[in-house]
Amino acid sequence: MKKSLFTIIFLLSVNLGFSQDDNYKNLLTEYLNSQGTIQTFDATFAQMVNMFGAKLDEEKFNELKTEMISSLIDKMLPVYKNHFSESDLKAAILMYNTPIGKKISEKTILIAQESMQVSMDWGMEIGQKMQGLIK
């Protein structure tokens, strides 16, 4: 009787652990989608396929993309879990679904692209100053 009770409790706790992880993964996916990260993953994946010269029909491309993005989210899950609770993700999703949140999501990629050259120029400037101090 004790073994049966222990087994049932163990199975329930394992099942609850999986459902919590599934719930967190769903929230994380929604969060990443709301902030535009999934779209960035999509674009990055398409660039990688082109870089490797892979010739995939649309169905195989979408199947592989879905699998790879899901795999990346699985790998990122523990990182996000260390920093954000489920309630944090829910709050962020709500924020990204507001007009300003949508604007931030849309503009972040553009700002990052435009800032890249500014950052490179700044790095060169610092490098030159450091060389001047070393001499």
Taking the condition of being surrounded by 14 or more Cβ atoms within 10 Å (Cβ to Cβ) and either charged (D, E, K, R) or on the phi > 0 side of the Ramachandran plot (or both), how many residues in the range 91-126 meet it? 1
Out of the residues in the range 74-90 that are of a type in the set (Lys, Arg) and either in contact with an Asp or Glu (Cβ under 7 Å, 6 or more places away or on another chain) or within 25 Å of THR44 (Cα to Cα) (or both), state the one that is surrounded by the most Cβ atoms within 10 Å (Cβ to Cβ). LYS81
The residue from PHE6, PHE45 that alone is of a type in the set (Phe, Trp, Tyr), surrounded by 13 or more Cβ atoms within 10 Å (Cβ to Cβ) and at pLDDT below 85 is PHE45
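The values are calculated or read from the model by the stated rules, or taken from the named source; none is laboratory data. Quick caveat, the model's predicted, so the values are computed rather than measured. Using ideal geometry, Cβ is built from the backbone for each residue, glycine included, and neighbour counts are taken over all protein chains shown.
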